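Before any comments, here is the structure.
The values are calculated or read from the model by the stated rules, or taken from the named source; none is laboratory data. If you're wondering where the values come from, they're calculated on a predicted model, not measured in any experiment. Don't worry about glycine lacking a Cβ; one is built from the backbone with ideal geometry, like all the others, and counts go over all protein chains shown. The area values use the complete protein model at the heavy-atom level, side chains included, leaving out ligands, DNA and RNA. Shrake-Rupley method; radii C 1.70, N 1.55, O 1.52, S 1.80 Å.
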Amino acid sequence: MAARAGIPLEDMEFWQFHPTGVAGAGVLLTEGCRGEGAILRNANGERFMERYAPTLKDLAPRDFVSRCMDQEIKEGRGCGPNKDYIHLDMTHLGAETIMKRLPSVFEIGHNFANVDITKEPIPVVPTIHYQMGGIPTNVHGQVVVPKGATPNVVVNGLYAVGECSCVSVHGANRLGTNSLLDLLVFGRAAGNHIVDSFRRADQAHKPLPKDAADASLARLARFDASTSGEYAQDVANDIRATMQQHAGVFRTRASMDQGVVKVAALRERVEAIALKDKSKVFNTARIEALEVENLIEAAQATMVSAAARQECRGAHTVKDYERGADDPDCPLGRNDREWMKHTLWFSEGSRLDYKPVQLKPLTVESVPPKVRTF
């Protein structure tokens, strides 16, 4: 909605992958599994994380574990007939511990993977979990946009909180507790700001423009008038497959450039989606078609933003730019000299702009960026 209204989306190239999503279903298994002692194993039964992170092993950071799993699969050590997933083994924990400490995981295994986790491992793959970017806001939840030389001009009356917003407390990689900041801290801040602003403002409603609903009604009318075109879920499945291939855990410059072209072609297909069921009550087909229009906005924002960022930073890992941790200019591929900046993607024309990173906190000392080691 924000993108279609002309609001730029910030830092959409940064997505966090969760290591343990149920293969084929995408339902997430809590990190409490590995906290209790669950082990990731490849097709050889090997606890492969010992090779990648000898100290932390399966408890290494989410993005690192996800990349290791993806590497195992890409090198042919995945499990299953298609070698396309990893096993999460909890059998050694015992049924009593599992039912006491991980009862919901037992249910998920039964319902979504047809697996009894007390007796056999459950198939898992890295799964999209969290969007670090979103609608740019300030600490009060007010949406901000660039205007001239000023990068953060408030859009009066428009607020965003939660995962759809980008304050940005995450930077390029989310820390687990920061999702609480998104909702609880900045949600409260936004609520307080709204109440305070309302008290001081003219409380009379402004008259709406006569054409205020035209764009929304036109979206609905287009589907009602459609007589031929593709089924929404067919296009949605191709969007998912394209994003998984070209903007996944590991990225390459060539693959991302190909993804930009593919997603642009998919946008044309989205615009030609047809709605066969035009009933007005409980019409899930209409909802699905509208949701695909939302999907393509997020997909194109991600793909174009990612292809343009020529470095590794946080969740954006690009093989072409990988360097050692001791590289004097770009440790671990992070190029602060050229890319310490926020991406802004505009839906109209699928164009990019950038704005500086705010490195001066309001009340504490600034912490300079450091090489990430563990």
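Tell me, which residue of the range 233-283 that is assigned to a loop (DSSP other than H, G, I, E, B) and among the hydrophobic types (A, V, I, L, M, F, W, C) is farthest from Ala306 (Cα to Cα)?
So the residue we want is Val281.
Just name the residue that is surrounded by the fewest Cβ atoms within 10 Å (Cβ to Cβ) out of those in the range 48-64 that are free of Cβ contacts under 8 Å to residues at least 60 places away in the same chain and in contact with a helix residue (DSSP H, G or I) (Cβ under 7 Å, 6 or more places away or on another chain).
Glu50
Can you list the strands (runs of 3 or more DSSP E) found entirely within the range 85-196 that contain at least 2 residues being within 27 Å of Leu352 (Cα to Cα) and touching a strand residue (DSSP E or B) at 6+ places or on another chain (Cβ under 9 Å)?
Result: 122-131, 142-147, 150-159.
Regarding Ala213, is this residue open to solvent by 40 Å² or more (accessible area, probe 1.4 Å) and of a type in the set (Gly, Ala, Ser)?
Yes, satisfied.
Exposed (fewer than 15 other Cβ atoms within 10 Å of the Cβ), touching a residue at least 60 places away in the same chain (Cβ under 8 Å) and not hydroxyl-bearing (Ser, Thr, Tyr): which single residue out of Val124, Val155, Val139, Val145 fits that description?
Val139
With respect to the numbered conditions (1) within 24 Å of the chain's Cα centre (by Cα); (2) at pLDDT 90 or above; (3) farther than 15 Å from Ile7 by Cβ, which one is the sole condition not fulfilled by Ser179?
So the condition that Ser179 fails would be (2).
For Arg240, only one of the following conditions fails: (1) closer than 30 Å to His129 by Cβ; (2) open to solvent by less than 70 Å² (accessible area, probe 1.4 Å). What is its number?
(2)
Out of the range 290-333, which residues are open to solvent by 40 Å² or more (accessible area, probe 1.4 Å) and assigned to a loop (DSSP other than H, G, I, E, B)?
Residues satisfying the conditions are Gln310, Glu322, Arg323, Ala325, Asp326, Pro328, Asp329.
Does Glu338 satisfy being acidic (Asp, Glu) and loosely packed, with under 13 Cβ neighbours inside 10 Å?
Answer is yes for this residue.
Six or more apart or on different chains, Cβ under 8 Å: which pairs go from a residue in the range 98-120 that's open to solvent by less than 40 Å² (accessible area, probe 1.4 Å) to one that's of a type in the set (D, E, K, R) and outside any helix (DSSP H, G or I)? Could you list them?
Sorted first by the residue in the range 98-120, then by its partner, the pairs are Gly109/Asp116.
For the range 26-47, what are the residues that are among the basic types (Lys, Arg) and loosely packed, with under 15 Cβ neighbours inside 10 Å?
Correct list: Arg47 only.
Please state which of the following conditions His342 fails to meet, knowing it meets all the rest: (1) in contact with a helix residue (DSSP H, G or I) (Cβ under 7 Å, 6 or more places away or on another chain); (2) over 20 Å from Ile128 (Cβ atoms).
That leaves (1) as the condition not met.
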